[in-house]
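Participant: Before anything else, here's the structure in question.
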Amino acid sequence: MMFARILTTARIEFLIALRNRWVGVGVALMVLFSLVLSAAGAGAAGNLAADPLSVTVASLTSLSVYLVPLIALLISFDAIAGEVERGTLQLHLTYPLSRSELLLGKLAAQLAVVTISVIAGYGAAAVLAFVAVGGEAAQGLGALWRLVWSSVLLGAAFISLGHMMSAMARRPSGAAALGIGLWLLAIVLYDLGLLAAVVADNGGAFTTTVFPWALVLNPADAFRIFNLAASDATGAASGLGGAANTIAIWKPLASLLVWPLLAAALARLTFGRVQI
Amino acid sequence: MLTLSRLTKRYGAQAALDDVSLAVAAGERVALLGHNGAGKSTLMKLVLGLISADAGDIAIAGHAPGSAVARALTAYLPENAAFHPALTGREQIGHFLRLRGEPAARADALLERVGLGDAARRRIGTYSKGMRQRIGLAQALIGAPRLMVLDEPTSGLDPVSRREFYGILDDLAAQGTAILLSSHALSEVEARTDRIVILSRGQQVAEGTLNSLRSDAGLPLMVTLHPLAGQDAAAAAAFPEAVQNGGVFSFPCPQTDKQAVLTRLVAASGQIDDFDIHPPSLDDIYAHISRRAA
């Protein structure tokens with residue numbers, strides 16, 4: 001019964017995502033940027049020892065750090081605020097449907113949208129790599145698969161964070177603003193802040209003790225470090241990716257696994273405080 | 001089916017509901033009347049288990065509001081619910097059916113029943129306001145509910161739709177569904193309810209059938225008459241209590257004096273061109289009761 005209610009919620013939410021063209025937008029964004037990146041990356045890395053698909057995965061990692069959280073927040077910010085505004089949340093909660101079931105159904109549908117988008121984007125990049133170099137590209141399939149499932153985990157974390165923003169704002173416009181703010185903070189400003197701190201610290205205690213943890217604690221940075229450290233193409237990475245060498249791989253992996261659960265719990269707590 | 005006893009809900013220092021008791025039996029239609037902010041919505045949210053009371057008890061067929069059994073027995077039509085414009089009527093009702101554990105294939109029959117059979121495959125975004133209200137009603141009909149809570153169900157409906165709407169409620173009541181609906185105008189609920197409860201500032205100020213409210217209010221009838229040409233002075237002599245306004249005479253008449261006034265009108269028929277006797281309108285009665293309470 002509980003599963004059926006989550007399933008029908010997920011179904012109707014996915015239908016809404018299709019009709020609102022979120023699926024189309026997500027797929028188009030991921031495919032377009034993946035193709036551009038792999039075309040550009042193939043030229044630059046032509047003489048490297050690493051196989052071309054692994055190089056592409058390294059470029060795709062840097063792309064996905066920006067795009068996956070953005071897509072996740074775009075499709076999730078309306079989840080609760082929109083229902084509050086339309087007056088349907090009140091109605092839903094008079095049904096034999098719990099807040100957890102409603103949230104899980106929305107999460108499942110929106111995660112499906114993210115999954116379809118990343119598979120389409122990465123798949124397009126993989127096809128391009130195979131067309132360019134033939135069977136040799138198969139060496140990079142492991143790295144590509146890792147990129148897919150870690151992107152899904154990253155997406156799950158940011159969808160639930162989007163739900164949390166949605167429950168906090170209670171109005172779609174406010175929720176959109178909070179979502180964009182979160183994206184800027186977690187994806188752009190966080191790294192800039194760390195870089196500035198590392199430069200100012202000049203190899204001191206911050207750089208050796210605090211900085212590695214600070215990187216792992218942010219799910220987006222954990223995603224980047226995990227994929228770069230796990231692949232052979234670390235050399236192709238730039239910026240903070242260089243730090244990947246010094247961090248044990250279980251740390252970013254644990255961060256990637258824990259964040260979706262933590263974010264879902266935070267979203268549920270915030271949603272529980274929405275009075276109707 | 002529904003029992004409220006000594007229900008109180010406060011928001012800060014202000015009492016949204018103050019010691020309200022009410023019972024709705026199976027098959028009974030009860031209208032909850034009050035101005036905006038009188039406590040109607042608060043009462044409904046309490047009954048639905050969306051919020052909890054500060055004092056008093058609610059039982060839905062013996063179960064606590066918001067409990068699994070109470071939710072399964074209760075249907076709700078929110079005021080101005082806007083269903084997602086991207087979905088079709090059939091998809092939206094199919095979803096609500098599945099949430100109640102029923103096959104989605106029953107959506108078409110439900111939509112047919114509320115007069116949306118032809119629009120089932122169209123997106124809700126293309127529906128008129130009345131059609132959207134019917135989608136709300138269709139979801140409230142799922143699973144033959146024992147208690148139906150309707151928040152301002154007829155506001156914004158045209159008179160024909162409103163009549164059809166009450167027709168569906170009559171059928172439900174005949175099958176034993178207890179119905180609690182709210183409205184801000186007595187003229188909207190008309191004689192289609194068995195009992196009327198009037199709330200004012202969280203307090204229950206009147207309860208009864210429309211006729212008992214009418215006699216309680218004790219409002220006078222209003223008599224208007226047009227004298228024949230040149231008979232103004234004679235008419236004024238025959239009806240000294242009348243007020244003249246642009247050639248029209250009018251005066252109030254207590255319910256008990258109806259016959260006497262009629263006799264006088266007949267006696268004065270030589271001076272009178274035309275006359276009317278108006279009973280107090282429903283809105284007059286409602287305004288009078290609300291004002292008396294305040």
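Read-outs: derived from the displayed coordinates by stated rules, not from any lab. Remember, it's a predicted structure, so these values are computed and weren't measured experimentally. With ideal geometry, Cβ positions are generated from the backbone for all residues, glycine too; neighbour counts draw on all protein chains shown.
Participant: Obtain the nm distance between the two label points defined at B:GLU102 and B:ASN80 by a simple spin-label model: each point lies 7 Å from its Cα along the Cα-to-C-beta direction.
Facilitator: 2.8
Participant: I've got another one for you. Of all beta bridges DSSP finds with both residues in chain B, what is the antiparallel percent, to the nearest 5?
Facilitator: 65
Participant: Further, regarding this structure: Quick one: of the DSSP bridges fully inside the protein assembly as shown, what percent are antiparallel, nearest 5?
Facilitator: So the antiparallel bridges in the protein assembly as shown amount to around 65 percent.
Participant: Taking the Cα centre of the stretch B:1-147 as origin, sum charge times position over the Cβ atoms of Lys and Arg (+1) and Asp and Glu (-1), and report the length of that vector in debye to the nearest 20.
Facilitator: Computed about the Cα centre, the dipole is about 440 debye.
Participant: Quick one: go through the stretch A:204-232 and flag any residue whose amide nitrogen is under 14 Å from the point 7 Å out along the Cα-to-Cβ line of A:TRP149.
Facilitator: It comes to A:227, nothing else.
Participant: Still on this structure, I have one more. Within 10 Å of each Cβ in peptide A:2-13, how many partner chain Cβ atoms are there on average? Round it to a whole number, please.
Facilitator: 3
Participant: If packing is taken as the average count of other Cβ atoms within 10 Å, what order do B:254-265, B:65-76 fall into, highest mean first? Can you show the working numbers first?
Facilitator: Details: B:254-265: 12.8, B:65-76: 20.0.
Per-residue mean Cβ counts within 10 Å order the peptides as B:65-76, B:254-265.
Participant: Which of the peptides B:43-50, B:153-160, B:4-11 is most tightly packed, and how do the rest follow, going by the mean number of other Cβ atoms within 10 Å of each residue?
Facilitator: Ranking the peptides B:43-50, B:153-160, B:4-11 by packing returns B:43-50, B:4-11, B:153-160.
Participant: Same structure again: In nm, give the distance between the simple-model label positions of B:TYR11 and B:ALA234, each being 7 Å from the Cα along the Cα-to-Cβ direction.
Facilitator: Taking the simple label geometry, B:TYR11 and B:ALA234 are separated by 6.3 nm.
Participant: Over what distance in Å are the Cα centres of the stretch A:169-210 and the stretch A:64-112 separated?
Facilitator: A separation of 25 Å, based on Cα centres.
Participant: Here is a further query. Can you give me the orientation-averaged projected area of the convex hull built on the Cα atoms of the stretch B:176-250, in nm²?
Facilitator: 8.2
Participant: Also: What are the ³J(HN,Hα) values, in whole Hz, obtained from phi via the Karplus relation 6.51 cos²θ - 1.76 cosθ + 1.60 with θ = phi - 60°, for each residue of the stretch A:55-69 in sequence order, with x given for Gly and Pro?
Facilitator: 5, 4, 4, 4, 5, 5, 4, 5, 5, 5, 4, 8, 6, 4, x
Participant: May I ask for the distance between the Cα centers of the stretch B:1-29 and the stretch B:89-127, given as a whole number of Å?
Facilitator: What the calculation gives is 33 Å, centre to centre.
Participant: Rounded to the nearest 20 debye, what is the charge dipole size of the stretch A:1-123 about its Cα centre when +1 sits on each Lys and Arg Cβ and -1 on each Asp and Glu Cβ? Show your work: numbers first, answer last.
Facilitator: Working: 7 positive and 6 negative charges, 53 e Å.
The calculated dipole for the stretch A:1-123 is roughly 260 debye.
Participant: Run through all the Cα pairs of the stretch B:2-208 and give the fraction in each 10 Å bin from 0, expressed as whole percent.
Facilitator: 9, 35, 36, 18, 3, 0
Participant: Does the stretch B:205-294 come out rounded, prolate or oblate by the C-alpha gyration tensor, with a ≥ b ≥ c the root eigenvalues, rounded set by a/c under 1.5 and, if not, prolate when a/b is larger than b/c and oblate if not?
Facilitator: prolate
Participant: Moving on. Multiplying the sequence separation of B:SER281 and B:ALA217 by 0.36 nm and subtracting their Cα-Cα distance, what value in nm do you get?
Facilitator: Extra length available between B:SER281 and B:ALA217 comes to 21.9 nm.
Participant: Quick one: if the Förster radius is 30 Å, what FRET efficiency do B:LYS258 and B:VAL160 give, using the C-beta to C-beta distance and rounding to 0.05?
Facilitator: The pair B:LYS258/B:VAL160 has a calculated efficiency of 0.35.
Participant: Excluding A:PHE271 itself, calculate the net charge of residues whose Cβ lies under 12 Å from the Cβ of A:PHE271, where each Lys or Arg counts +1 and each Asp or Glu counts -1. Write down the numbers at each step before the final one.
Facilitator: Numbers: positive: A:ARG99, A:LYS106, A:ARG170, A:ARG268, A:ARG273; negative: A:GLU83, A:GLU101.
With Lys, Arg at +1 and Asp, Glu at -1, the neighbours total +3.
Participant: Would you calculate, for the protein assembly as shown, the mean residue ellipticity at 222 nm contributed by helices, counting each DSSP H stretch of 4 or more residues as -39,500 (n - 2.57) and dividing by all residues, to the nearest 500?
Facilitator: Working: 23 runs with 312 residues, N = 570.
Rounded to the nearest 500, it is -17500 deg cm²/dmol.
Participant: Another question, then. Count the net charge of all other residues whose Cβ sits under 12 Å from the Cβ of A:THR9, scoring Lys and Arg as +1 and Asp and Glu as -1. Walk me through the numbers on the way to the answer.
Facilitator: On the way: positive: A:ARG5, A:ARG11, A:ARG99, A:LYS106, B:ARG98; negative: A:GLU13, A:GLU83, A:GLU101.
So the surrounding residues net to +2.
Participant: Around B:VAL69, under 15 Å between beta carbons, what's the net of Lys plus Arg minus Asp minus Glu among the other residues?
Facilitator: +3
Participant: With the radius of gyration and the Kirkwood radius both derived from the Cα set of the protein assembly as shown, what is their ratio Rg to Rh? If you can, show how the numbers build up before the last one.
Facilitator: Details: Rg = 33.5 Å, Rh = 28.3 Å.
Expressed as Rg/Rh, it is 1.18.
Participant: Which cross-chain or sequence-distant (5 or more) residues have an amide H under 5 Å from the amide H of B:VAL205, H modelled 1.01 Å from N in plane?
Facilitator: Here the answer is B:ILE198, B:LEU199, B:SER200, since their amide H atoms fall under 5 Å of that of B:VAL205.
Participant: Next up: Give the average, rounded to an integer, of partner chain Cβ atoms located within 10 angstrom of each Cβ in A:268-276.
Facilitator: Mean inter-chain Cβ contacts per residue within 10 Å come to 1.
Participant: Let me ask something else. Of B:ALA75, B:ILE93, B:ALA53, which is farthest along the charge dipole of the stretch B:18-100 in the positive direction, counting Lys and Arg as +1 and Asp and Glu as -1 at C-beta?
Facilitator: B:ILE93
Participant: Over the Cα atoms of chain A, each weighted equally, I'd like the Debye log10 I(q)/I(0) at q = 0.07, 0.13, 0.15 Å⁻¹, rounded to two decimals.
Facilitator: For chain A at q = 0.07, 0.13, 0.15 Å⁻¹, log10 I(q)/I(0) is -0.27, -0.87, -1.08.
Participant: Nothing charged except the Cβ atoms of Lys and Arg (+1) and of Asp and Glu (-1): what's the magnitude of the dipole of chain B about its Cα centre? Round to the nearest 20 debye. Provide the component values of the computation, followed by the final result.
Facilitator: Values: 29 positive and 30 negative charges, 262 e Å.
Charge dipole, chain B, about its Cα centre: 1260 debye, nearest 20.
Participant: Give me the inter-chain shielding for B:67-77: mean count of other chain Cβ atoms within 10 Å, whole number please.
Facilitator: Working: counts 0, 2, 1, 2, 5, 2, 0, 2, 3, 5, 2.
Across B:67-77, the average partner-chain Cβ count within 10 Å equals 2.
Participant: Can you give me the relative contact order of chain B as a percent, contacts being Cα pairs under 8 Å and 6 or more apart? Spell out each step's value before the answer.
Facilitator: Details: 530 pairs, mean separation 60.7, N = 294.
Relative contact order, chain B: 21 percent.
Participant: Enumerate the calculated ³J(HN,Hα) couplings along the stretch B:44-61 in order (Karplus 6.51 cos²θ - 1.76 cosθ + 1.60, θ = phi - 60°), each rounded to whole Hz, writing x wherever the residue is Gly or Pro.
Facilitator: Rounded to whole hertz, the list is 5, 4, 5, 4, 7, x, 6, 10, 10, 7, 7, 7, x, 10, 10, 9, 10, 6.
Participant: Follow-up. Show me B:213-221, A:22-30 ranked by packing, highest mean number of other Cβ atoms within 10 Å first.
Facilitator: Ranked by mean Cβ neighbours within 10 Å, highest first: A:22-30, B:213-221.
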